[in-house]
Ligand code: SF4
């Protein structure tokens with residue numbers, strides 16, 4: 001059953017009892033969120049705004065598996081359905097049928113700020129002076145505490161612990177202005193990373209922080225307009241990529257079309273480099289760079305920087321595959337599928353027993369004895385975070401008969417946490433922040449360990465270091481962090 005929103009209430013009928021994300025051994029940085037929005041000029045029964053948002057979110061599922069939600073406007077009111085779980089677990093046909101309207105926004109979430117619970121799911125929908133607003137946010141503000149305090153002195157109350165609610169309150173604070181002007185004021189106040197899709201009863205708005213840390217792009221679909229975290233979501237719903245939303249820009253879409261306001265012109269851009277390394281889908285193009293090509297080029301560059309005698313290159317699927325192909329190409333070695341991934345392993349939400357937990361990485365990956373047996377193997381992965389998974393995979397390859405296992409990593413050592421919307425573990429959990437390369441090599445029990453250099457990584461991306469945030473490697477944060 002759907003719910004109409006009477007006040008700033010979080011509405012959902014979905015499960016709040018599932019312990020999300022505790023059942024798998026994850027040894028990767030985790031993207032926080034994916035956002036999607038559509039303004040449809042001519043919705044039809046078969047394929048309306050809610051359905052399009054559903055498939056858009058489905059394409060963005062890799063960006064967040066803990067909760068999902070869709071809000072839809074029919075021009076008079078906004079309806080919302082959201083809950084804990086994967087898109088297909090939360091939003092089913094009966095809900096889609098009830099979500100009637102021509103404007104929709106959607107959100108998938110992996111929690112960082114605010115923790116994992118129903119009350120923190122998105123979109124947020126609330127009433128303000130000029131009507132109703134729906135809000136979906138990808139990123140993380142770094143001045144939430146200060147803004148929360150300031151808003152509280154004006155009488156704001158908060159029912160969630162997310163920075164998205166801070167944005168909502170900020171917007172309400174400027175409600176005497178028209179939406180675009182209120183948002184422009186919010187953008188000046190908000191420090192940090194944000195890609196927002198916002199809806200009122202009659203318009204869809206996209207906003208990106210002044211350095212463009214988190215991605216957001218605009219597409220068109222038979223006279224309608226779409227906003228999405230990644231271009232692959234546009235492809236999935238049949239939309240044509242128009243352009244990226246510029247850092248510091250507000251894009252407004254209504255019945256008159258698209259208009260833009262460049263609120264802040266920052267000379268410094270800081271696109272998250274980890275999107276190209278791991279987070280984004282390889283078939284996405286973000287800020288002019290195709291993710292697959294970038295990963296393949298990083299693999300080539302890595303091969304140029306390494307000098308390893310081996311029989312074959314394998315990848316840790318899937319995120320290491322494009323780099324492994326590039327590596328093999330450059331090194332003149334065969335690329336083989338030495339590790340197979342169980343393609344049906346996702347977040348199952350089944351509480352594992354200790355015995356199952358111990359199986360760990362084996363639930364996901366299996367070494368192919370017939371491929372790696374008796375061979376010297378170069379194993380390419382996109383990154384090492386805590387090193388525990390790498391260690392198990394090296395072990396697995398040796399048990400399958402590999403005579404040597406060399407690990408080549410298509411990103412530099414990850415030493416620093418992210419404050420811009422990525423769950424990176426605490427600094428002391430990042431193996432490269434506490435161990436030197438030789439110690440990590442010993443820890444994971446590889447015959448050798450190699451990382452791409454910072455310079456090599458930037459060269460592979462070809463657009464200049466000044467356009468990226470690479471703080472998790474360098475510790476140089478483009479937006480000041482008070483820690
Ligand atoms: S610190 Fe790392 S993960 Fe965070 S935005 Fe910067 S590059 Fe991306």
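Brief remarks on what is shown
- From the options 314, 253, 308, residue that is assigned to a loop (DSSP other than H, G, I, E, B) and more than 16 Å from the ligand (Cβ to nearest atom): 308
- Among residues of the range 401-414 being part of a loop (DSSP other than H, G, I, E, B) and more than 23 Å from residue 291 (Cα to Cα), the one that is nearest to the ligand (Cβ to nearest atom) is 402.
- Residue satisfying condition, being more than 25 Å from the chain's Cα centre (by Cα) and either buried (at least 24 other Cβ atoms within 10 Å of the Cβ) or not assigned by TED's automatic domain parsing to the domain that holds residue 231 (or both), within set 78, 70: 78
- Residue count for the range 130-169, restricted to those that are within 25 Å of residue 67 (Cα to Cα) and either touching a helix residue (DSSP H, G or I) at 6+ places or on another chain (Cβ under 7 Å) or crowded, with 17+ Cβ neighbours inside 10 Å (or both): 26.
- The range 170-213, subset part of a loop (DSSP other than H, G, I, E, B), out of contact with any helix residue (DSSP H, G or I) (no Cβ under 8 Å at 6 or more places or on another chain) and within 16 Å of the ligand (Cβ to nearest atom), residue farthest from residue 243 (Cα to Cα): 191
- Meets criteria (within 16 Å of the ligand (Cβ to nearest atom), more than 22 Å from residue 110 (Cβ to Cβ), surrounded by fewer than 23 Cβ atoms within 10 Å (Cβ to Cβ) and touching a residue at least 60 places away in the same chain (Cβ under 8 Å)) for residue 268: yes
- Boolean, residue 183 is buried (at least 18 other Cβ atoms within 10 Å of the Cβ) and over 24 Å from the mean Cα position of the chain (by Cα): no
The rows are residues; the columns are (1) within 16 Å of the ligand (Cβ to nearest atom); (2) at negative phi; (3) surrounded by fewer than 17 Cβ atoms within 10 Å (Cβ to Cβ).
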position: 258; (1), (2), (3): no, yes, yes
position: 264; (1), (2), (3): no, yes, yes
position: 289; (1), (2), (3): yes, yes, no
position: 299; (1), (2), (3): no, yes, no
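- Close pairs (9 angstrom Cβ cut-off, 6 or more residues apart or separate chains): outside the structural domain of residue 37 (by TED's automatic domain parsing) in the range 134-163, modelled with pLDDT of 85 or more and crowded, with 20+ Cβ neighbours inside 10 Å anywhere: none
- For the range 462-472, filtering for residues that are part of a helix (DSSP H, G or I) and either more than 8 Å from the ligand (Cβ to nearest atom) or within 20 Å of residue 296 (Cβ to Cβ) (or both) leaves 3.
- The residues of the range 430-460 that are surrounded by fewer than 21 Cβ atoms within 10 Å (Cβ to Cβ) and within 15 Å of the ligand (Cβ to nearest atom), listed by number, are 433, 454, 458.
- Taking the range 191-200 as the range and being more than 12 Å from residue 211 (Cβ to Cβ) and buried (at least 24 other Cβ atoms within 10 Å of the Cβ) as the test, the residues that pass are 196, 197, 198, 199.
- Total residues in the range 383-400, condition within 18 Å of the chain's Cα centre (by Cα) and either assigned to a helix (DSSP H, G or I) or farther than 22 Å from residue 328 by Cα (or both): 1
- Whether a residue is more than 16 Å from residue 309 (Cβ to Cβ) and either outside the structural domain of residue 441 (by TED's automatic domain parsing) or under 22 Å from the mean Cα position of the chain (by Cα) (or both) was assessed, and residue 371 does not pass this test.
- Hits in the range 269-294 - residues which are assigned to a helix (DSSP H, G or I), under 19 Å from residue 247 (Cα atoms) and touching a strand residue (DSSP E or B) at 6+ places or on another chain (Cβ under 6 Å): 273, 275
- Counted residues, the range 129-143 - those being at pLDDT 90 or above and out of contact with any strand residue (DSSP E or B) (no Cβ under 7 Å at 6 or more places or on another chain): 1
- Yes/no for residue 422 being within 12 Å of the ligand (Cβ to nearest atom) and buried (at least 19 other Cβ atoms within 10 Å of the Cβ): yes
- Flag if residue 378 is away from the ligand (no atom under 16 Å from the Cβ), in contact (Cβ under 8 Å) with a residue 60 or more places away in the chain and part of a helix (DSSP H, G or I): no
The values are calculated or read from the model by the stated rules, or taken from the named source; none is laboratory data. Note that the coordinates shown come from a computational prediction; the quantities given were computed from them, not determined experimentally. Methodologically, a virtual Cβ is constructed for each residue, glycine included, from the backbone with ideal geometry; neighbour enumeration extends over all protein chains shown.
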